[in-house]
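The values are calculated or read from the model by the stated rules, or taken from the named source; none is laboratory data. Remember, it's a predicted structure, so these values are computed and weren't measured experimentally. A quick note on method: Cβ atoms are made from the backbone with ideal geometry, for glycine too, and the neighbour counts reach across all protein chains shown. Just the protein is used for accessible areas: all its heavy atoms, side chains included, with ligands, DNA and RNA removed. Shrake-Rupley method; radii C 1.70, N 1.55, O 1.52, S 1.80 Å.
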Amino acid sequence: LNSKRKNATNEKTFIIANRNPMYFSPNNPTDGLLVPNTFWNDDYSSKISHKEVIELWIKKLIFFAENHSQDLVYVVLPAPEINTQNIPLSICKKEWFRKDIPVFCNDGVSMENALDARKDFFNSLKKAQSITNNIRIYDGFEDFCDPKLRNCKVKYSGNLIYKDSNHLSSYGYS
């Protein structure tokens, strides 16, 4: 990110990294194992909707960016979560006792779920970026998903990118 910074002497860079998109996703966890998300207002007195969570987060982001108008505020978006239909990714490793590896291990998984899970937040973030001149978005989505093929990779160069549906492997981080 430093290579994308402007060269200014008094400018600071703030990086806000969203590790997990589940905070902004409606009730459809990608691995089918998590309970549906419940969102609360700031003082935890009442439940709020998925869209309200995003609105509050974006409002706070804009407030922060406006109060640091001389600085850059990068929002780093997480890697997409992939739907493996509850099949553990360890099955993608070739072993002497495993003749067949599931097709998704080599071909990837559909990126439709990943796109759908991020669209509300991503669109709101783009609007926030247009309101202030110091918000930058770092999105590595296309590093993981190929829009031409409409899939998200599970493996790259024979190595697993993910440990499970929403955690990158050590190789995936590199």
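Points to keep in mind about this one:
- Residues (in contact with a strand residue (DSSP E or B) (Cβ under 9 Å, 6 or more places away or on another chain) and crowded, with 21+ Cβ neighbours inside 10 Å) located in region 109-121: 109, 111, 114
- Of the residues screened, residue 91 is not one that is in a loop (DSSP other than H, G, I, E, B), free of Cβ contacts under 8 Å to residues at least 40 places away in the same chain and among the hydrophobic types (A, V, I, L, M, F, W, C).
- Filtering region 99-126 to residues that are outside any helix (DSSP H, G or I) and closer than 20 Å to residue 165 by Cβ leaves 101, 102, 108, 109, 110, 111.
- For region 89-107, the criterion of being open to solvent by 30 Å² or more (accessible area, probe 1.4 Å) and under 30 Å from residue 55 (Cβ atoms) is met by no residue.
- With respect to the conditions (1) outside any loop (DSSP other than H, G, I, E, B); (2) within 29 Å of residue 164 (Cβ to Cβ); (3) modelled with pLDDT of 80 or more; (4) open to solvent by 70 Å² or more (accessible area, probe 1.4 Å), residue 57 lacks only one, and its number is (4).
- Taking the conditions (1) farther than 16 Å from residue 18 by Cβ; (2) of a type outside the set (A, V, I, L, M); (3) at pLDDT below 85 in turn, residue 63 satisfies each one other than (3).
- Scanning region 62-110 for residues that are hydrophobic (A, V, I, L, M, F, W, C) and closer than 30 Å to residue 126 by Cα yields a count of 12.
- Residue count for region 149-167 satisfying the condition of being surrounded by 15 or more Cβ atoms within 10 Å (Cβ to Cβ), aliphatic (A, V, I, L, M) and at pLDDT below 85: 0.
- Residue in region 74-83 that is open to solvent by 50 Å² or more (accessible area, probe 1.4 Å), modelled with pLDDT of 85 or more and of a type outside the set (A, V, I, L, M) present: no
- Counted residues, region 19-54 - those being assigned to a strand (DSSP E or B) and modelled with pLDDT of 85 or more: 2
- Residues of region 60-73 classified as open to solvent by 30 Å² or more (accessible area, probe 1.4 Å) and either free of Cβ contacts under 8 Å to residues at least 24 places away in the same chain or part of a loop (DSSP other than H, G, I, E, B) (or both), total: 6
- Answer residue from region 139-148, given it is touching a residue at least 60 places away in the same chain (Cβ under 8 Å) and assigned to a loop (DSSP other than H, G, I, E, B) and is least open to solvent (accessible area, probe 1.4 Å) among those: 140
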